[in-house]
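The values are calculated or read from the model by the stated rules, or taken from the named source; none is laboratory data. A quick note: this is a predicted structure, and the numbers were derived from the prediction, not measured. Cβ sites come from the backbone with ideal geometry, for glycine too, and all protein chains shown count toward neighbours.
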Amino acid sequence: MQRRTVLKTLTTGAASLGLSKLQGRGILNSALDPLGYAGRFEPTWSSLANYQVPEWFKNAKFGIWAHWGPQCQAEYGDWYARGMYQEGSEQYKYHIKKYGHPSKFGFKDVINEWRAENWNPEELVSLYKKAGAQYFMALANHHDNFDLYKSKHQPWNSTKIGPKKDIIGQWAKAAQNNNLPFGVSVHAAHAWSWMETAQRSDKNGPYKGIPYDGKITKNDGAGKWWDGLDPQELYAQNHPLSENSWDNGMIHRQWNWGNGVAQPTKAYCENFYKRTIELIDRYNPELIYFDDTVLPLWPVSDAGLRIAAHLYNKSIKDHGQLRSVVFGKVLDEQQRKCMVWDIERGQSNKIEPLPWQTDTCIGGWHYDQRIYDRNQYKTTKTIIHTLADVVSKNGNLLLNVPVRGDGTIDEKERAVVEGIAAWMQVNSEAIYSTRPWTVFGEGPAMESQAPLSAQGFNEGKGKPFGAQDIRFTTKGNILYAILMGWPTESRILIKSITGKNKVTGVELLGEHTKLSFEQTDNGLAVQMPAVPQGKDAFVIKINGAIS
């Protein structure tokens with residue numbers, strides 16, 4: 001049937017049954033879909049609640065993220081494009097020393113300096129695949145509002161300025177070559193308020209009262225490198241400041257577009273929507289991470305709802321089934337049915353009924369030379385412990401490996417990634433395609449679990465894991481007990497395995513011999529080898545009726 005006939009049939013059917021009724025049931029989009037098929041999802045919470053997390057994601061458990069963009073060019077930490085305009089801050093002082101005053105050399109000029117000259121996406125994604133990543137995520141834009149892909153709706157993008165490369169296109173190709181599902185992270189909805197610091201000026205010193213470059217316009221570019229470009233399409237600052245905008249911490253309290261934040265215009269919201277739809281349609285990501293409370297621009301706009309519905313419908317059209325995943329933060333019970341709940345730098349303290357994800361980082365989100373110099377990267381051991389803890393509670397781990405401005409990772413980061421690869425080579429069967437047990441674990445660390453705060457941020461606030469801490473995963477009739485350290489005693493007791501769990505065999509992954517065991521009234525006693533063959537965490541594989 002030709003497309004025109006299909007559209008006529010759909011239109012006639014919609015008219016006869018009542019279009020609003022069909023829309024209410026989530027059968028048709030609010031307008032006939034431009035791709036020419038009837039959408040399965042409507043941009044409403046009730047319709048999106050029909051979402052089912054795809055099995056591939058439930059089985060994947062581990063992904064790696066390249067949270068990389070022009071803010072990494074300075075190699076001076078997170079939120080550089082905001083912090084460089086905060087008078088007296090470390091990033092402000094660094095910026096003046098390295099580049100000059102932000103009234104003369106703004107973030108737009110940092111972008112122009114970024115070249116990504118040593119970037120090899122194929123080598124990096126291959127390394128991450130070797131480390132056990134089952135999906136790969138790349139930054140598509142940050143709160144700095146710069147698109148890292150070919151964009152019709154944002155002239156400030158990486159194909160025209162800075163590297164003059166299609167960053168997302170090349171990441172996507174590398175992911176495809178390594179047979180990894182590809183994802184993008186989208187953060188630009190918050191540029192409206194996040195970049196307000198660029199509207200400021202110094203309160204002290206020789207540049208007192210001289211405005212930074214946040215409100216310059218296209219007309220100011222005559223004869224400059226950015227001649228013909230409008231900085232307002234990058235900074236998005238043609239609006240009054242939010243309430244208490246000079247309070248640098250206010251941005252966090254206004255993240256959900258409340259508490260006095262300057263309200264974004266409809267044009268701003270629609271531009272964000274068009275940019276993101278273009279990103280989806282051009283690069284076909286299977287995952288989208290939104291760094292937002294719930295969805296982008298919610299509740300001042302339904303742009304995020306429309307984007308989620310479009311992605312789900314496109315996935316069904318392209319694959320014959322829904323393979324896509326959308327991540328959102330600070331979700332209520334209803335919203336967690338519509339997408340996957342993401343916890344930033346933190347973990348749930350219980351087995352969650354629905355799949356979820358922790359996102360965290362080896363160091364900072366944007367590359368920071370200071371973290372390298374001070375040897376402050378997370379260790380392989382910390383990453384493995386986090387992975388085991390998250391998976392035991394029905395979650396996935398998304399790990400950012402910070403990338404330098406030139407597109408490379410440093411040797412200390414590489415060592416951590418290679419350490420993960422070595423552990424996964426022996427123990428990955430306790431991670432992939434597993435499901436939670438009746439309890440997620442046992443041991444002293446459970447007694448001091450830190451509560452979540454806002455998006456998460458309880459990482460590292462509880463008691464450190466030790467040899468007595470165990471996390472459990474299951475696969476069929478197999479129970480995996482992941483020991484967070486090598487026991488000091490040769491005989492260990494796993495208290496959670498009671499007499500009703502009929503154990504038929506016990507082994508240590510990486511060993512070639514069975515372990516002696518005894519089921520007692522107090523738990524399962526296991527005789528451990530004298531010397532460990534691995535490090536960081538050790539997996540006991542237990543066969544039998546463990547339900």
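Taking the criterion of being at positive phi and out of contact with any Ser or Thr (no Cβ under 7 Å at 6 or more places or on another chain), the residues of the stretch 244-298 that qualify are 244, 257, 259, 284, 294, 297. Every condition in (1) of a type in the set (Gly, Ala, Ser); (2) surrounded by 22 or more Cβ atoms within 10 Å (Cβ to Cβ); (3) assigned to a loop (DSSP other than H, G, I, E, B) holds for residue 81 except the one numbered (3). Quickly run through the stretch 501-529 and pick out the residues that are on the phi < 0 side of the Ramachandran plot, assigned to a strand (DSSP E or B) and surrounded by 18 or more Cβ atoms within 10 Å (Cβ to Cβ). Within the stretch 501-529, 503, 506, 508, 517, 524, 526 meet the criteria.
Got a number for residues in the stretch 354-372 being in a loop (DSSP other than H, G, I, E, B) and among the aliphatic types (A, V, I, L, M)? Adding up the residues that qualify gives 2.
Matching residues to (1) surrounded by fewer than 20 Cβ atoms within 10 Å (Cβ to Cβ); (2) modelled with pLDDT under 95; (3) part of a loop (DSSP other than H, G, I, E, B); (4) in contact with a strand residue (DSSP E or B) (Cβ under 9 Å, 6 or more places away or on another chain):
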{"position": "42", "(1), (2), (3), (4)": "no, no, yes, no"}
{"position": "46", "(1), (2), (3), (4)": "yes, no, no, no"}
{"position": "52", "(1), (2), (3), (4)": "yes, no, yes, no"}
{"position": "56", "(1), (2), (3), (4)": "yes, no, no, yes"}
{"position": "59", "(1), (2), (3), (4)": "yes, no, no, no"}
{"position": "68", "(1), (2), (3), (4)": "no, no, yes, yes"}
{"position": "93", "(1), (2), (3), (4)": "yes, no, no, no"}
{"position": "110", "(1), (2), (3), (4)": "no, no, no, no"}
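Hey, could you check the stretch 416-461 for residues that are modelled with pLDDT of 95 or more and among the hydroxyl-bearing types (Ser, Thr, Tyr) and say which is surrounded by the fewest Cβ atoms within 10 Å (Cβ to Cβ)? Taking the candidates together, the pick is 438.
For the stretch 473-494, which residues satisfy the criterion of being surrounded by 12 or more Cβ atoms within 10 Å (Cβ to Cβ) and more than 31 Å from the chain's Cα centre (by Cα)? Break it down into steps so the answer makes sense when it comes.
Of the residues in the stretch 473-494, the ones surrounded by 12 or more Cβ atoms within 10 Å (Cβ to Cβ) are 473-475, 477-487, 491-494.
Within the stretch 473-494, 477, 486, 487, 491, 492, 493, 494 qualify.
Does residue 510 fit the bill of being closer than 22 Å to residue 388 by Cα, within 37 Å of the chain's Cα centre (by Cα) and among the small types (Gly, Ala, Ser)? Before the answer, list the steps.
Working: closer than 22 Å to residue 388 by Cα: yes; within 37 Å of the chain's Cα centre (by Cα): yes; among the small types (Gly, Ala, Ser): yes.
Spelling it out, residue 510 is indeed closer than 22 Å to residue 388 by Cα, within 37 Å of the chain's Cα centre (by Cα) and among the small types (Gly, Ala, Ser).
Checking the stated criteria, residue 511 turns out not to satisfy the condition of being closer than 28 Å to residue 59 by Cβ, at pLDDT 95 or above and not basic (Lys, Arg). Among the criteria (1) under 18 Å from residue 483 (Cα atoms); (2) outside any helix (DSSP H, G or I); (3) not hydrophobic (A, V, I, L, M, F, W, C), the one residue 427 does not fulfil is (2). In the stretch 112-128, the residues that are of a type in the set (Val, Ile, Thr) reach residues that are surrounded by 14 or more Cβ atoms within 10 Å (Cβ to Cβ) and at pLDDT 95 or above with C-beta atoms within less than 8 angstrom, at least six apart or across chains, in these pairs: 125/136; 125/171; 125/174; 125/175; 125/178; 125/180.
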